[in-house]
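Enquirer: Here it is: the structure, laid out below.
The values are calculated or read from the model by the stated rules, or taken from the named source; none is laboratory data. Please read all numbers here as calculations on a predicted model, not as lab measurements. Heads up, the Cβs are rebuilt from the backbone with ideal geometry, glycines too, and the neighbour counts pull from every protein chain shown. What goes into the accessible areas is simple: the full protein's heavy atoms, side chains included, and nothing from ligands, DNA or RNA. Shrake-Rupley method; radii C 1.70, N 1.55, O 1.52, S 1.80 Å.
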Amino acid sequence: MAGLAAVSRQERQRQGQRDQEALRRRALVIGGVIGVVVLLVVAVAAIGGRNRGDQKATADGRSDTPRSTTTVQPGLAPPTTVPFEGWVDPSSSGQPWSSKVVGQLTFRGNPTRSYYGLGPVPSAPEILWRFPDSGGMCGQSAVGGQAKSWCGTGWTGQPAVWLEDGRTWVTFGAYDKE
């Protein structure tokens, strides 16, 4: 009996050593990931912080690049005067994407995902329509060779919403069981 207890004790010690080694490896991996993220943030900040040739900084650090004084209809992006060399102008952050169509045309309103639409949001919003009128939108679908019941549209994104000819349009991607 004493021999079994000694073997069991030794096994627990070995298991404890394996657990400690696993924790040490996890800590090293997490530390490495954090280090890479920090390096990426520093690199992006260094690249993004460079002063572009079309801007000059004043003594207090502000840009003296001329800004448009044109008034813009709420929900529209200001017109661009100088084309931006790149994917998206960082100064468009927080602005709607289109200068022609009022609405949410992309997820969160623009490529920087930083425009949340016009407000204010009603304090007591009302449901204006519902589809279907009652019940859920459920259907059968094959999952792993077995029929499963699923409900909803199958899509969790944000719809595109815009005004056209005095009407508000809402579109979104969804599954159609037919």
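Enquirer: Using a 1.4 angstrom probe on the protein heavy atoms only, line up Ser93, Ser134 by accessible area, largest first.
Expert: Order by accessible area, largest first: Ser134, Ser93.
Enquirer: Given the peptides 125-132, 143-150, 12-19, arrange them by the average over their residues of other C-beta atoms within 10 Å, most packed first.
Expert: 12-19, 143-150, 125-132
Enquirer: Further question on the same structure: Hey, can you rank 20-27, 95-102, 113-120 by average C-beta count inside 10 Å, highest first?
Expert: 95-102, 113-120, 20-27
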